[in-house]
Amino acid sequence: MKNKIFSLSFIMLLIVFSAFSLTVYAASDTYYSTLAFQGEHSGPTRTYTHKNISYSASAYNTLGGKTVTANSSYPKTYTVSLYRKTVWFTSEKIGSKDLSRYQYGSASWTNVGAGDYYFYFKKARDGVNVNSNNVVMKGY
């Protein structure tokens, strides 16, 4: 009888803990991703519940699988833009920032409000890939 009560209590504790963990995660506005693009790239739409949104990433470049260094003759920046999804299939540009293609960079947009947003990336069509393995998009 004691074993059944203990087992039932343990299962209930796990259910309560799991529900709390899901609630905390669902309320989080932090998304982690990678980036690899040539020319233009539109990221997925994500929901943010806070009024400010930021983007950060450490960028590096490749061409044919080889690293392109900052002292190359290729352009030095890429542009990251934030768009808010609006009614139906339309979107509204919130703003843009140019970031280095060869190092860490970040951009923030303040007082944009809660909603569904996506990032749009653009760079020169020079055949070089802009990459990052540590993209962080965060609402705060």
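Every number here is computed from the coordinates shown, using simple stated rules; none is lab data. Predicted, not measured: the structure shown is a model, and the values here were computed from it. Glycine also receives a Cβ, built like all others from the backbone with ideal geometry; neighbour counts cover every protein chain displayed.
General remarks:
- Prolate/oblate/rounded call for the range 29-139, Cα gyration tensor, a/c under 1.5 rounded: prolate
- Normalised contact order of the range 29-139, rounded percent, pairs of Cα under 8 Å and 6 or more residues apart: 51
- The modelled label-to-label distance between S42 and A114, using points 7 Å beyond Cα along the C-beta direction, is 2.6 nm.
- Here the residues R101, R125, ranked from fewest to most Cβ neighbours within 10 Å of their Cβ, fall in the order R125, R101.
- Legend: residue pairs K85/K122; K51/K122; K66/K138; K76/K138; K51/K97, Cα-Cα distance threshold 21 Å; pairs beyond threshold, K51/K122; K66/K138; K76/K138.
- Total charge dipole magnitude, the range 29-139, about the Cα centre, Cβ charges on Lys, Arg, Asp, Glu only, Debye to nearest 20: 100
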